[in-house]
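The values are calculated or read from the model by the stated rules, or taken from the named source; none is laboratory data. Just so you know, these numbers come straight off a predicted model, no measurement behind them. All Cβ positions, even for glycine, are placed from backbone atoms using ideal geometry, and neighbour counts span all protein chains on display. The area values use the complete protein model at the heavy-atom level, side chains included, leaving out ligands, DNA and RNA. Shrake-Rupley method; radii C 1.70, N 1.55, O 1.52, S 1.80 Å.
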Amino acid sequence: NPSRFPQEYLHHFYGYQPEPDRRKRAAASRDDSHQTRGFCDKVKKMQRFFGLTPDGKLSQETLTVMKKPRCGLSDVEPHGATVRWTKRTISYRTLKNQACHRKTSRTLKAIRTALKLWSSVSLIRFRRREAKEADVSIAFVSGDHGDGSPFSGKGGALAHAFLPGLGIGGDVHFDSAEEWTLNSTGISLPVVAAHEFGHALGLSHSPDPGSIMYPAYNFAPSLELSFDDVKSIQHLYGENPNFHLQSLKRPPPKTPDKCDPDLSFDAVTELQQEVVFFKDRFMWRKHPSFVETRITLISNLWSNSVPSHLDAVYENVEKNFILFFKGDQYWKVQQLILQEGFPRNISDLGFPSRIKSVDAALHFRDDRYTVFFTGHECWRYNELRAVMEGSPMLIEQHWLEIPFPIDAAVYYEGFVNFFKGNKQYKYDFGQNRVVSVSSANDLMDCEMGKSNKHAL
Ligand SMILES: [Ca+2]
Ligand SMILES: [Ca+2]
Ligand SMILES: [Zn+2]
Ligand SMILES: [Zn+2]
């Protein structure tokens with residue numbers, strides 16, 4: 001029954017307890033809002049975890065995120081007592097399985113890659129064991145496999161694991177109904193295995209979308225632990241003496257912090273009533289009814305076909321689509337779905353071939369046009385007629401005092417906000433000048449951002 005899906009999702013991942021039918025009927029006369037309120041609270045909890053607008057409604061985007069492939073473990077496991085192995089050398093074994101027998105050596109390689117992520121930074125060691133018993137038994141199973149957490153076919157839960165302990169403790173189960181691959185074409189085994197081994201070592205889910213312990217599946221081309229993942233595993237098992245954070249050419253990535261005074265943005269756009277800020281694989285959403293801006297993955301909302309490290313984004317509210325720009329390509333998304341025939345080349349919008357990318361897009365809802373910024377030039381695109389109007393203008397002549405090339409631009413509360421590096425320039429049309437300069441993250445809920453604002 002499809003309408004039961006959200007209840008089941010919230011029951012499984014957020015501890016939602018629907019009242020039994022008999023009690024529900026009895027309670028209905030007394031307080032029929034009780035059940036709804038409990039449900040709503042769980043929806044909000046899930047929305048906060050995934051950086052969605054926490055309105056408690058089963059919106060299209062909430063359902064979209066619920067339906068994404070993910071880890072089968074709960075997001076609200078008690079975080080109190082940490083469970084960890086008391087020894088430093090952990091044995092593992094893979095159970096023979098007919099379905100994936102053909103590619104056993106590739107499976108083993110993927111598993112070794114995932115284990116190595118954790119062992120290379122901490123004092124934990126893994127030893128493969130063919131004997132009957134191992135600390136971490138790895139199996140590909142399907143449907144009900146006898147541990148009370150059945151898989152339900154392709155999609156949904158991809159795998160689950162058990163926290164360190166005897167018997168089933170530390171074991172990892174992969175759903176054999178998934179199309180497991182070593183790259184991005186299906187579900188990446190190394191990516192999911194790295195996450196599940198985190199559980200097998202004692203880590204629980206993280207709401208940080210940059211963490212490998214984030215519960216939603218997302219494929220990143222380079223499989224690596226985040227800075228916080230490294231710190232978490234070292235906290236449990238100690239630092240690997242061969243691992244020197246300071247001397248690494250490429251240190252583990254840190255998830256961008258909305259209150260970092262040096263934060264800059266790739267793109268900023270209006271989205272319905274919200275303002276959305278893009279950075280790398282991440283985005284923050286500022287909703288007028290909610291104080292907190294929460295981080296989420298671009299891929300959580302817009303399938304993996306919208307790239308990270310975007311150049312520009314804008315929403316055409318009237319025609320109800322969003323355009324994403326990166327390099328000489330652009331993507332059109334409607335109702336969270338990538339439209340057919342995209343990405344296309346930006347020359348289709350009327351740019352000459354010398355323009356290889358756009359820096360920012362600024363959409364004016366009421367006047368139905370969009371201004372594109374490229375280097376020292378700006379272009380006016382007529383949304384009604386779908387044509388570029390005339391030749392480009394110089395930014396310095398049209399937008400006085402605005403530094404170029406710019407990073408991003410957005411229309412917000414009657415002003416145009418230009419972003420460049422860690423600065424934001426608030427531009428007044430009427431006066432045709434910059435009225436204030438503040439830090440780029442000024443619109444985020446950071447006191448720090450507000451304090452260094454000054455009027456010109
Ligand atoms: Ca599944
Ligand atoms: Ca940009
Ligand atoms: Zn998990
Ligand atoms: Zn299982």
Using alpha carbons only, how many degrees (0 to 90, rounded to 10) separate the axis of helix 5-14 from the longest principal axis of the chain? 70 degrees
Fraction of beta bridges assigned by DSSP in the chain that are antiparallel (%, nearest 5): 80 percent
Placed amide H near Y369: partners under 5 Å, 5+ positions off or other chain: F364, E383
Amide H neighbours of G165 at under 5 Å, excluding residues fewer than 5 places away on the same chain, with H built from the backbone geometry, are G170
How would you order 439-445, 71-77 from highest to lowest mean count of nearby Cβ atoms within 10 Å? 439-445, 71-77
Excluding W118 itself, what net charge comes from residues whose Cβ is under 13 Å from its Cβ, given Lys and Arg +1 and Asp and Glu -1? +2
Table column - 3J(HN,Hα) (Hz), the range 106-112, Karplus curve with 6.51, -1.76, 1.60, x for Gly and Pro: 6, 4, 4, 5, 4, 5, 4
Share antiparallel - DSSP beta bridges, the range 89-247, percent rounded to 5: 25 percent
Distance cut-off 17 Å, percentage of C-alpha pairs in the range 218-267 lying past it: 51 percent
What pairs from K87/K154; K286/K420; K249/K426; K332/K423; K326/K423; K42/K67 go past 27 Å between their alpha carbons? K87/K154; K249/K426; K332/K423
Between the range 281-296 and the range 132-194, what is the C-alpha centre distance in whole Å? 33 Å
Hull volume per residue for the chain, using the convex hull of the C-alpha atoms, in Å³ is 197 Å³
For V172, net neighbour charge (Lys/Arg +1, Asp/Glu -1) across residues whose Cβ lies under 12 Å away: -4
Hey, got the Cα dimensions of the range 89-247 along the principal axes, in Å, largest first? 44, 34, 29
Search the structure for amide H atoms under 5 Å from the amide H of R294, placed 1.01 Å from N in the peptide plane, and list their residues when 5 or more places away or on another chain. R285
With θ set to phi - 60° and the Karplus curve 6.51 cos²θ - 1.76 cosθ + 1.60, what are the ³J(HN,Hα) couplings of the range 223-237 in order, to the nearest whole Hz, using x for Gly and Pro? 6, 8, 7, 7, 3, 5, 4, 4, 5, 5, 6, 5, 5, 7, 10
Report the net charge of residues surrounding C378, where surrounding means a beta-carbon distance below 13 angstrom and charges are Lys +1, Arg +1, Asp -1, Glu -1. -3
Solvent-accessible heavy-atom area per residue, rounded to whole Å², over the range 119-167 at 1.4 Å: 51 Å²
Hey, can you rank 174-186, 158-170 by average C-beta count inside 10 Å, highest first? 158-170, 174-186
Carbon plus sulfur, as percent of the 1.4 Å-probe accessible area of the chain, comes to 51 percent
